[in-house]
Amino acid sequence: MNPSLSPNKGNLPPATGPLAGVRVIELVGLGPGPFCGMMLADLGAQVLRIDRVDAARAIDQTQPATNAMNRSKQSIGLDLKDPTGVEIFLRLCDTADAAFEVFRPGVVERLGIGPDIARARNSRLIYGRLTGFGQSGPLSDRAGHDIDYLAIAGALEPLGRAGLPPTPPINLLADFAGGGMLLAYGIIAALFARERNGEGQVVDAAMVDGAALMLTPFYAARANGAWGPRGTNLLDSGAPFYDTYETVDGKWLAVGALEPQFYAALLAGLELDPASLPDQHDQSGWPALRESFASTIKSRTRDEWESRFTGSDACVTPVLTPEEAPHHPHNKARNSFIEIGGVPQPAPAPRFSNTPAAPPAAPEHPGSRTQAVLSEWGFASNEIEPLITRGIIV
């Protein structure tokens, strides 16, 4: 792991990376929003995170900020229920390239900070909107969570083992991949379009849409008969040569030996005679094949199997915990994880040869640098202090 980065005690480092010079305003909401902001900040964008004033005041400023999704961001608290707070937000949007929110449809309009108002003042502004069900449709005003968006998208039913209920993949698929990452992709695409036509636009990112998008190849596979019921296919635990197996020490091994040459390497590593086993693609023999793999793998520890398959193309890897992953030799060699303020976390990705981004800065609490932050966004020092005194900003 890279050496620990100390908590940020001053201005953020000079912006580098493919998005250097891009200014983004993030209205604080649940996880997918901060994740989108983190992805943009990781690539060099100047991201200003705007929190609620009551939430900002409740934070214990003596404790370090540890939320990895807030790394490399500026942060203030702002009262958007006060007309002055609304004007401050719109003024920030005047000089921003993008702003985004993660509220239900209509919330920002009722606050007076919706895209029509903000873009009337700054036509180049890209206004991102991330919701579960989208800005339109009969479910658009409904509450939901990752599991609900997956369910509606047709992306939950295929997940899990045969004969068991669908298994939610924590909240990775709809919230983060189909939500936060989709919005970041949309904002960057809109920035690219603006380079050609000079105009910003509204980006409507819905987690239902994003979750469905992740399932595109499997919709195609079902249509042509190449994909069957849950837990019976090559990639969903149906095939014994693409699954996880418990080792003798209670840990797990991942096996992904799909192609014939990889499957042959798997059998060699397990010291199993192909002649004594069913054919790899004879599904009637899969139960016996699975039992053979399970009993063999259960005979050794995970580390013993990892050592045995080192250098092999058997597609066999240890199933690491999040605590173990940063210490794996491959991840260490690639610096795939970093440590900021004592918190291990994945490093920014992808990597750029000509425009590499600076290492992420530690997250900061809203209000820890309000004077400096607002000065960078064009506010004079003699107007910032009265706003703090009145409680409009923190």
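The values are calculated or read from the model by the stated rules, or taken from the named source; none is laboratory data. The shown structure was predicted, so the numbers you read here are calculated from the model rather than taken from an experiment. Backbone-built Cβ (ideal geometry, glycine too); neighbour counts: all protein chains shown.
Based on what the data block shows, is R49 surrounded by 24 or more Cβ atoms within 10 Å (Cβ to Cβ), of a type in the set (K, R) and at pLDDT 95 or above?
Yes, satisfied.
Yes/no per residue for (1) under 26 Å from the mean Cα position of the chain (by Cα); (2) assigned by TED's automatic domain parsing to the domain that holds I297; (3) not charged (D, E, K, R):
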residue: N224; (1), (2), (3): no, no, yes
residue: P229; (1), (2), (3): no, no, yes
residue: T232; (1), (2), (3): no, no, yes
residue: D236; (1), (2), (3): yes, no, no
residue: G250; (1), (2), (3): no, yes, yes
residue: V255; (1), (2), (3): yes, yes, yes
residue: E259; (1), (2), (3): no, yes, no
residue: Y263; (1), (2), (3): no, yes, yes
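Out of region 267-289, which residues are in contact with a Leu (Cβ under 7 Å, 6 or more places away or on another chain), more than 17 Å from A254 (Cα to Cα) and not in a loop (DSSP other than H, G, I, E, B)?
The one that is in contact with a Leu (Cβ under 7 Å, 6 or more places away or on another chain), more than 17 Å from A254 (Cα to Cα) and not in a loop (DSSP other than H, G, I, E, B): P274.
Go through (1) assigned by TED's automatic domain parsing to the domain that holds C315; (2) surrounded by 17 or more Cβ atoms within 10 Å (Cβ to Cβ) for E246 and report which single condition fails.
The number of the failed condition is (2).
Take A211 and tell me if it is touching a strand residue (DSSP E or B) at 6+ places or on another chain (Cβ under 9 Å) and assigned by TED's automatic domain parsing to the domain that holds A118.
no
Determine whether region 235-251 contains at least one residue that is free of Cβ contacts under 8 Å to residues at least 24 places away in the same chain and either among the basic types (K, R) or over 29 Å from P166 (Cα atoms) (or both).
No, there is no match, as no residue in region 235-251 is free of Cβ contacts under 8 Å to residues at least 24 places away in the same chain and either among the basic types (K, R) or over 29 Å from P166 (Cα atoms) (or both).
Filter region 45-58 for residues that are among the basic types (K, R) and in a strand (DSSP E or B) and give the result.
Matches in region 45-58: R49, R52.
Kindly establish whether F176 is farther than 30 Å from T310 by Cα, of a type in the set (F, W, Y), at pLDDT 95 or above and touching a helix residue (DSSP H, G or I) at 6+ places or on another chain (Cβ under 8 Å).
Yes, satisfied.
Counting just the residues of region 320-377 that are among the hydroxyl-bearing types (S, T, Y) and surrounded by 15 or more Cβ atoms within 10 Å (Cβ to Cβ), which one comes out farthest from T389 (Cα to Cα)?
Filtering first and then ranking leaves S336.
Which ones in region 261-282 are exposed (fewer than 14 other Cβ atoms within 10 Å of the Cβ), more than 10 Å from A314 (Cα to Cα) and of a type outside the set (A, V, I, L, M, F, W, C)?
Matches in region 261-282: E271, D273, P274, S276, D279, H281, D282.
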